[in-house]
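The values are calculated or read from the model by the stated rules, or taken from the named source; none is laboratory data. All of these numbers come straight from a predicted model, not from anything done at the bench. Note: ideal-geometry Cβ built from the backbone for every residue, glycine included; neighbour counts use all protein chains shown.
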4 protein chains.
Amino acid sequence: MTLRGYTAPLSPDGRAGIVPPPPWHYSGDFLIAEYRTDPNAVAALLPPELGPAEDPGAVAAIFADWQSCSVDLHELEDPIQSQYREFFIVVGAKFNGRPVSRCVYIWVDKDFAMYRGWIQGFPKKLGSIHMTRLFAAGRATPRLEPGARFGATCTANDRQVARMVVTLEHVSKTGPTVNDPPMHNTRHFPAAAGDRPDVFELVRAGGYDRDVTEVWEGSAELRLYDDTLEDLQAIAPREMLRGYRFSFGYTVGGVEVVAQHQQEALMT
Amino acid sequence: MTLRGYTAPLSPDGRAGIVPPPPWHYSGDFLIAEYRTDPNAVAALLPPELGPAEDPGAVAAIFADWQSCSVDLHELEDPIQSQYREFFIVVGAKFNGRPVSRCVYIWVDKDFAMYRGWIQGFPKKLGSIHMTRLFAAGRATPRLEPGARFGATCTANDRQVARMVVTLEHVSKTGPTVNDPPMHNTRHFPAAAGDRPDVFELVRAGGYDRDVTEVWEGSAELRLYDDTLEDLQAIAPREMLRGYRFSFGYTVGGVEVVAQHQQEALMT
Amino acid sequence: MTLRGYTAPLSPDGRAGIVPPPPWHYSGDFLIAEYRTDPNAVAALLPPELGPAEDPGAVAAIFADWQSCSVDLHELEDPIQSQYREFFIVVGAKFNGRPVSRCVYIWVDKDFAMYRGWIQGFPKKLGSIHMTRLFAAGRATPRLEPGARFGATCTANDRQVARMVVTLEHVSKTGPTVNDPPMHNTRHFPAAAGDRPDVFELVRAGGYDRDVTEVWEGSAELRLYDDTLEDLQAIAPREMLRGYRFSFGYTVGGVEVVAQHQQEALMT
Amino acid sequence: MTLRGYTAPLSPDGRAGIVPPPPWHYSGDFLIAEYRTDPNAVAALLPPELGPAEDPGAVAAIFADWQSCSVDLHELEDPIQSQYREFFIVVGAKFNGRPVSRCVYIWVDKDFAMYRGWIQGFPKKLGSIHMTRLFAAGRATPRLEPGARFGATCTANDRQVARMVVTLEHVSKTGPTVNDPPMHNTRHFPAAAGDRPDVFELVRAGGYDRDVTEVWEGSAELRLYDDTLEDLQAIAPREMLRGYRFSFGYTVGGVEVVAQHQQEALMT
């Protein structure tokens, strides 16, 4: 008998792995606040392979409320295997002279999504995340109309991370821009012992069969809190840009390695 | 200065209460499996004021995925104050010769919804609850069409409570029926000391401005587990009836007391 | 057949209630930081029956890590029914000229402890609470010795509530003092409809068979955060007093009603 | 400026990583039930490098309640960074003719412990885990004496995983034996794309400065549930052996690679 699985735990039937094999389908609702922060603080979060973006202090704070599944869709009828929410912070950068984006911090509320993120270069921690939803009946729901307010919060490690409100104004002509260029994250997995990670590579995220609804745009409020384990004050908003709300879906088959990071001593 | 609040904790600004004052708006998605169980087990869960229903073993197992708010809607932009999911078991009964329904067990995943439930006669415990959702983009979502499968699970107190799948067939002509008659629950609050509760009354739930979408109907699968703190095996399915999926909203201003329960010694 | 239970949900076997009947045994570890805040803010949190304490701005911020059970001890072997952690804020006051204490805000991480709190006049909300523990082996534990640091955190409703560190100096001669006088809380349960609560009474907490270890004392650090649903800034520390760490157990059979609160319109 | 960290997220100050650099100190309480299951089911969970143990169906079901920290101990005063509970299943095996053990499934309740586990070859998923504790005061605690009962439960993915009770009889002469030989787990990290994992190696766990209390021994009850994502029925108890309760601490600096697994196509 052979142990099977795309990820551990490997098992005879291959069903025990924390993440099923790709490709994965994703359907989600998004709430985004774009803003400008200190460009030096953004630069300090980039690896040496990436340079500053055209708008070097631009940041996107992104809440997403997801359902995802394997190609056989089996997780959809067992929603604890498919639903999760996340909050992440994306900055702009350049790679080989072309615009890219990069996820610098991210929190999620399920284990399979956390580990699937690490495989793709998203350094996910666990958090509690909430985001206003649309419902098809009753009054306890906003509607997609001017003045509607959508909010979101994130807490992690008994610390408040972020609170956001977007007030819709109109359908957007541009949509969000900071996270638009292809994301270039770092896949990192430590060695069994010692300072040099076994996996430490710059990867480009992709995805296909992209499907997006109308994007609503409006004003954005965002607070990043001061007592987190990550230094979020360094990249806190100095100037708010616009907020966005939309639904989006795509399919992901993996990521593409574009460079090996220099494996210098990072631990000290 | 006066302490204010609809519920404790009372505070000078009245904002600290765990539940804000009614009326409350509700918007939710529902997944229901109706089935028949042992009529004697249903009867054993009714207070003396209620008699058996026409179909005395009929039960509805209900998952609901809610957003709720006060009339000023302020919770909608702070979704941790408005979102919750619950699983509950409803049986049929008669009160004064007329059909009623009654919630015998219920689990929910937020504190404000738990306590607001107790105020209305829903004896809510905490649980982890998940339910398949519809999304507006991508492939990781069912659609409202024949063959679509919606699932749901509930766990509480480190015990598995329920797992349900409904496979849609067509738009329903009748909708669910077990939980249709007015719900007659028991408001119960123990005394500071001793056996006789301070509040122990049969109440009729109401609500107005009801708003419902098309109801989809199909086959239903349901498993209630055997190691719960509540005796769910006594009311486990003997015959599955139909499953339903729809969205529903209404507004609730309180409940109406229809009888005082006899305050006999229940504790022993 | 008769429905049984000290609390709902009532059931034929009486085992389904969210809280089993008293008396209840408690065993816990405590971490306390005493401090002084604005006396007017403390006074604003007292009901009219209570007057200011001798030291009218004194407050105790208390973390507790509990195990509790019924007299037959059955919850001890099913620890999800017995373990919980809580954070609460206690102020001093006077009732009929005698010193008392009062819990103004409290968060807990289990449903049974939350509802049992409401029965006794503790207006508990859910939170995530952590507190340094002692272990009997290894190096990942403080010891009861000068310089040992014990920390604790509380988050609720996606908001950071409190962070505390106590650095032990020596065994205490006095122990904590703010929460020493008998606690006088308010039992409150709303009516089925309308403004006047069904239960609204001042109660004195008791307990017997008190068992306490040596109390260690030291310096205390405490931060209450600024974005909570409750106005914690009003009662934030102006002057830190001492910190304490000890274990404590007792048995509680109920609380004693000492006054009916005036049932004025509190909701508006 | 250089991005720093033992794990991602890398940051200028190196404090953002989900796991701090080794070595790590551990202090924990253990509850273990040993039993025999189908030897073929154990064999089916071993990689080709490992052969059957002397007692080929012997299994240890282990609950652990941990506190851990870096060598500077800073996590101890921020307990959400140090405390976690886990449940794992360990089988016996042989490697190069010598007895070893292997963790086949494991659940944990914190993200840092989950990811630190993956680094060491423990394929951790998230779960809710509870385990009876000892307290220093009061009656709501067992004592280390004959007849004391310690229980534990684990739930994951809205599914019940395990429930255990150990009833103490006497101080053990042998202690538990299944997990005594050095643990040989598999470090596994998928590639950016494709079937061949980037990391797929057999590692031997170590640790030093081991510190253990007296081990109590007694009878053990264990139930593994039937609706998990992992096939736990295959390794369910056929014959219960003994139960154990003790505290244990050690320090871990990493694991040692003893073999590269064959990278055959495991995903299909």
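Could you check how many residues of segment C:206-226 are touching a helix residue (DSSP H, G or I) at 6+ places or on another chain (Cβ under 9 Å) and facing another protein chain (nearest Cβ under 10 Å)? Don't jump to the end; show me each part of the working.
As a first pass, look at segment C:206-226 and keep what is touching a helix residue (DSSP H, G or I) at 6+ places or on another chain (Cβ under 9 Å): C:224-226.
Those left that are additionally facing another protein chain (nearest Cβ under 10 Å): C:225-226.
Here the count works out to 2.
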Condition first: assigned to a loop (DSSP other than H, G, I, E, B) and within 22 Å of B:G218 (Cβ to Cβ). Now tell me which residues in segment B:21-75 satisfy that.
B:T37, B:D55, B:G57
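Select from segment B:231-247 the residues that are touching a residue at least 60 places away in the same chain (Cβ under 8 Å), of a type outside the set (A, V, I, L, M) and surrounded by fewer than 22 Cβ atoms within 10 Å (Cβ to Cβ) and list them in ascending order.
Listed by number, the residues that qualify are B:P237, B:R238, B:E239, B:R242, B:S247.
When you look at B:A220, is it aliphatic (A, V, I, L, M), within 30 Å of C:H188 (Cβ to Cβ) and buried (at least 18 other Cβ atoms within 10 Å of the Cβ), yes or no?
Judged against the criteria, B:A220 is not a match.
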Tell me, which residue of segment D:198-219 that is in contact (Cβ under 8 Å) with a residue 12 or more places away in the chain and outside any strand (DSSP E or B) is nearest to A:E256 (Cα to Cα)?
D:G206
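Output the residue which, of all residues in segment A:75-90 that are more than 15 Å from A:V252 (Cβ to Cβ) and in contact (Cβ under 8 Å) with a residue 40 or more places away in the chain, is farthest from the other protein chains (Cβ to nearest Cβ).
If we take residues in segment A:75-90 being more than 15 Å from A:V252 (Cβ to Cβ) and in contact (Cβ under 8 Å) with a residue 40 or more places away in the chain, then A:V90 is farthest from the other protein chains (Cβ to nearest Cβ).
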Tally up the residues in segment A:192-219 that are out of contact with any Pro (no Cβ under 6 Å at 6 or more places or on another chain) and over 30 Å from A:F150 (Cβ atoms), please.
11
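Would you mention how many residues in segment B:237-258 are part of a loop (DSSP other than H, G, I, E, B) and under 19 Å from B:S101 (Cβ atoms)?
Total satisfying the criteria: 2.
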Take the conditions among the small types (G, A, S), touching a residue at least 60 places away in the same chain (Cβ under 8 Å), within 14 Å of chain D (Cβ to nearest Cβ) and crowded, with 23+ Cβ neighbours inside 10 Å and apply them to C:A162. Does it pass?
yes
Given (1) in a strand (DSSP E or B); (2) within 14 Å of chain A (Cβ to nearest Cβ), identify the lone condition not met by B:R102.
(2)
Given (1) hydroxyl-bearing (S, T, Y); (2) in contact (Cβ under 8 Å) with a residue 40 or more places away in the chain; (3) closer than 17 Å to B:D29 by Cα, B:Y105 misses just (3)
If a residue must be part of a loop (DSSP other than H, G, I, E, B) and surrounded by 18 or more Cβ atoms within 10 Å (Cβ to Cβ), how many such residues does segment A:183-197 contain?
4
Between residues in segment B:113-130 that are more than 7 Å from every other protein chain (Cβ to nearest Cβ) and residues that are charged (D, E, K, R), which pairs lie under 6 Å by C-beta distance while being six or more apart or on different chains?
B:G117/B:K124; B:G121/B:R187; B:I129/B:R85; B:I129/B:D109
Residue in segment B:65-76 that is under 20 Å from C:L3 (Cβ atoms) and at pLDDT 95 or above present
no
Before we move on, is A:D72 surrounded by fewer than 24 Cβ atoms within 10 Å (Cβ to Cβ) and within 14 Å of chain B (Cβ to nearest Cβ)?
yes
Looking only at segment C:39-74, filter to residues that are touching a residue at least 12 places away in the same chain (Cβ under 8 Å) and among the charged types (D, E, K, R); which one of those is nearest to D:D78 (Cα to Cα)?
C:D65
Taking D:N96 as meeting all but one of (1) within 9 Å of chain C (Cβ to nearest Cβ); (2) surrounded by fewer than 22 Cβ atoms within 10 Å (Cβ to Cβ), write down the number of the exception.
(1)
Quick one: would you say D:M1 is at pLDDT below 95 and either of a type outside the set (S, T, N, Q) or under 30 Å from C:A64 (Cα atoms) (or both)?
yes
Answer yes or no: is there a residue in segment C:181-203 that is over 19 Å from the mean Cα position of the chain (by Cα), within 23 Å of C:P237 (Cα to Cα) and small (G, A, S).
no
When you check B:G147 against the structure, is it surrounded by fewer than 21 Cβ atoms within 10 Å (Cβ to Cβ), farther than 20 Å from A:D109 by Cβ and either modelled with pLDDT of 95 or more or touching a helix residue (DSSP H, G or I) at 6+ places or on another chain (Cβ under 7 Å) (or both), yes or no?
yes
Extreme residue, nearest to the other protein chains (Cβ to nearest Cβ), among residues of segment B:10-25 that are surrounded by fewer than 24 Cβ atoms within 10 Å (Cβ to Cβ) and without any contact (Cβ under 8 Å) to a residue 12 or more places away in the chain
B:P12
Residue that is farthest from B:R210 (Cα to Cα) [pool: residues in segment B:26-69 that are acidic (D, E) and within 14 Å of chain A (Cβ to nearest Cβ)]:
B:D65
Odd one out for A:S128 among (1) closer than 28 Å to C:F87 by Cα; (2) surrounded by 21 or more Cβ atoms within 10 Å (Cβ to Cβ)
(2)
So which of D:L134, D:L229, D:L144 ends up being on the phi < 0 side of the Ramachandran plot and either among the small types (G, A, S) or away from chain C (no Cβ under 11 Å) (or both)?
D:L229
